[in-house]
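The block underneath contains the structure these notes are about, expressed in structure tokens.
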Amino acid sequence: MQYRVVYQIVPAGVGPDDYEPHELERVETVLELSDPEPVGMLGEQMLEYGPPIPEVKRAVRAAVGLEEDDEPIILTLESA
């Protein structure tokens, strides 16, 4: 299933005290990720889990070609 992912990249060697979130570029891309898994019903609505964040990070790494120590921060994830 395709998902629209909005993320930021923290470059290797940069710690949490070295930047402000608004200083990092926000990037949006569409990625093919695993299908959602049903959790159960809430009233008449079926609840589903989306793909796990580690899977999303691996997909971002592969799509963008990140260095090993670059860290993607997933901001939003929604079906495309």
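The values are calculated or read from the model by the stated rules, or taken from the named source; none is laboratory data. Note that this is a predicted model, so its numbers are computed, not measured. SASA here: full protein model, heavy atoms, side chains in, ligands and nucleic acids out. Shrake-Rupley method; radii C 1.70, N 1.55, O 1.52, S 1.80 Å.
I'm spelling it out carefully: the read-out is P(r) over Cα pairs in 5 Å bins from 0, in percent, the candidates are (i) 3, 15, 18, 17, 12, 10, 9, 6, 5, 3, 1, 0; (ii) 3, 14, 23, 20, 15, 10, 7, 4, 2, 0; (iii) 3, 17, 30, 24, 15, 8, 3, 0, and one was derived from this structure. Which label?
(ii)
Report the full-extension gain for the segment E44 to L66: residue separation times 0.36 nm, less the Cα-Cα distance, to one decimal in nm.
This chain segment gains 3.7 nm when fully extended.
Rounded to a whole number, what % of the accessible area of the chain do carbon and sulfur atoms account for, probe 1.4 Å?
Reported share for carbon and sulfur atoms: 48 percent.
Could you report the range 1-59's accessible area per residue, 1.4 Å probe, as an integer in Å²?
About 72 Å² of surface per residue is accessible.
Can you run phi through the Karplus equation (6.51, -1.76, 1.60; θ = phi - 60°) for the range 65-70 and list ³J(HN,Hα) in whole Hz, with x for Gly and Pro?
Calculated HN-Hα couplings, in order: x, 6, 5, 4, 8, 5 Hz.
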